[in-house]
Amino acid sequence: QVQLVESGGGLVQPGGSLRLSCVISGIRFSLYAMDWYRQAPGKQRELVATIARLGATNYADSVKGRFTISRDNAKNTVYLQMNSLKPEDTAVYYCNTKLGSTSYWGQGTQVTVSS
């Protein structure tokens, strides 16, 4: 059974930082790419960052230079370091992985950027 559990969200002031974590079980983690998505109220879920199994990364234009995705294969964990946070980063953040045609999601973690 594949499970993804996110943590690390919270309330932060504009300009602040947070680090999200996602622990994955039930798969051979090192073999799969991992994604972070986010969904703001009233908006569609959007892809924020991707890390390939060998470590190559890609980012949405809106977060380039501010967010960093990384992975620790020994801990079955993917991270999202978020710096210089803006109010428009407020959303529920989800980690995701795909096994063939099946997409697996965590429960999400709320990030609120507000003064």
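The values are calculated or read from the model by the stated rules, or taken from the named source; none is laboratory data. This is a predicted model, so every value here is computed, not measured. Backbone-built Cβ (ideal geometry, glycine too); neighbour counts: all protein chains shown. Please note that ligands, DNA and RNA were not included when accessible areas were found on the heavy atoms of the full protein model with its side chains. Shrake-Rupley method; radii C 1.70, N 1.55, O 1.52, S 1.80 Å.
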Label point 7 Å out from Ser115 along Cα-to-Cβ: which residues of region 15-40 have amide N under 20 Å? 15-18
Rounded to whole Hz, the Karplus (6.51, -1.76, 1.60) HN-Hα couplings of region 36-42, x for glycine and proline: 10, 10, 9, 9, 8, x, x
How long are the three semi-axes of the equivalent ellipsoid for region 65-115, computed from the Cα gyration tensor as the root of 5 times each eigenvalue, in whole Å, largest first? 24, 15, 9
Accessible area of the chain belonging to carbon and sulfur atoms, whole % at 1.4 Å probe: 47 percent
DSSP loop trypsin sites (Lys or Arg not before Pro) with at most 14 other Cβ within 10 Å: longest gap in the chain: 76-115
Residue-normalised accessible area of the chain, expressed per residue, 1.4 Å probe, Å²: 53 Å²
Cut-off under 5 Å, modelled amide H: who pairs with Leu85 long-range: Gly15, Gly16
Based only on Cα atoms, what Rg/Rh ratio does the chain have, Rh being taken as Kirkwood's radius? 0.95
J(HN,Hα) series, region 100-115, from Karplus relation 6.51 cos²θ - 1.76 cosθ + 1.60, nearest Hz, glycine and proline x: x, 8, 9, 10, 10, 10, x, 7, x, 9, 7, 10, 10, 10, 7, 8
Note, region 59-71: 3J(HN,Hα) by Karplus (6.51, -1.76, 1.60, θ = phi - 60°), whole Hz, Gly/Pro = x, goes 9, 5, 4, 5, 10, 4, x, 10, 10, 9, 9, 8, 9
Going by amide H atoms built from the backbone, whose H comes under 5 Å of the H on Val48, apart from near neighbours? Trp36, Tyr37, Arg38
